[in-house]
Amino acid sequence: MVFYTAQIALALSYLHKSNIMYRDLKPENILVSKDGYLRLSDFGLAKQAKLSNTFCGTPEYISPEMLMGTGHDHTSDWWALGVVIYEMLTGIPPFYDKNRNVMFLNIERAKIHWPDPQRHGIIVSDVAKDII
């Protein structure tokens, strides 16, 4: 998982240095090549800009600033990476709810909840929590 996370971070960093916001990071857009390296796909929402007010992306991975309409920049991609890491560790995005409006409120206001190791059998290390 560390290797995959590093590859995604490098890809995002490359895009950001080129002034490109990816804006649709999610597991479905991360492809694994036969040699084990990752590729980002689907650049349909990517935008060359420093700031945007466009509401776009997949609901589970949208950043709070995008939801609030205050304008977003490349940091929304880093938010989405944190969501993807959480999902790789636990199997579900951190603020997921079947009700989209509740999920959006969770993204805007809720604190992140970590799985209970006894109940769920999932242990998220302090280092992973810090990175997320």
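Got a number for residues in the stretch 28-66 being of a type outside the set (Ser, Thr, Tyr), assigned to a helix (DSSP H, G or I) and surrounded by 14 or more Cβ atoms within 10 Å (Cβ to Cβ)? First the steps, then the outcome.
Residues of the stretch 28-66 that are of a type outside the set (Ser, Thr, Tyr), as a first pass: 28-32, 34-36, 38-40, 42-51, 53, 55-57, 59-60, 62, 64-66.
Remaining after also requiring assigned to a helix (DSSP H, G or I): 28-29, 59-60, 64-66.
With the extra rule that they be surrounded by 14 or more Cβ atoms within 10 Å (Cβ to Cβ), the set shrinks to 29, 59-60, 64-66.
Residues that pass the stated criteria total 6.
Taking only pairs six or more apart or across chains, which ones have beta-carbon atoms under 6 Å, a first residue in the stretch 10-21 that is touching a residue at least 12 places away in the same chain (Cβ under 8 Å) and closer than 15 Å to residue 79 by Cα, and a second residue that is surrounded by 11 or more Cβ atoms within 10 Å (Cβ to Cβ) and among the hydrophobic types (A, V, I, L, M, F, W, C)?
These pairs meet every condition: 11/40.
If I filter the stretch 84-99 for residues that are of a type in the set (A, V, I, L, M, F, W, C), within 15 Å of the chain's Cα centre (by Cα), under 22 Å from residue 128 (Cβ atoms) and in a loop (DSSP other than H, G, I, E, B), do I get at least one hit?
Yes: one or more hits.
Please count how many residues of the stretch 92-132 are within 21 Å of residue 28 (Cβ to Cβ) and of a type in the set (Gly, Ala, Ser).
0
Of all residues in the stretch 67-97 being of a type in the set (Ser, Thr, Tyr) and farther than 18 Å from residue 18 by Cβ, which is surrounded by the fewest Cβ atoms within 10 Å (Cβ to Cβ)? So that I can check it myself, show each step before the final result.
From the stretch 67-97, those of a type in the set (Ser, Thr, Tyr) are 70, 75-76, 86, 90, 96; that's our starting set.
Keeping just the survivors that are farther than 18 Å from residue 18 by Cβ gives 70, 86, 90, 96.
Numbers: 70: 9, 86: 23, 90: 15, 96: 15.
By that ranking, first place goes to 70.
Bear in mind these aren't lab numbers, they're just calculated from the coordinates by the rules spelled out. Worth saying up front: this structure is predicted, and the values here are computed from it rather than measured. In this analysis, Cβ positions are derived from the backbone assuming ideal geometry, glycine residues included, and neighbour counts consider all displayed protein chains.
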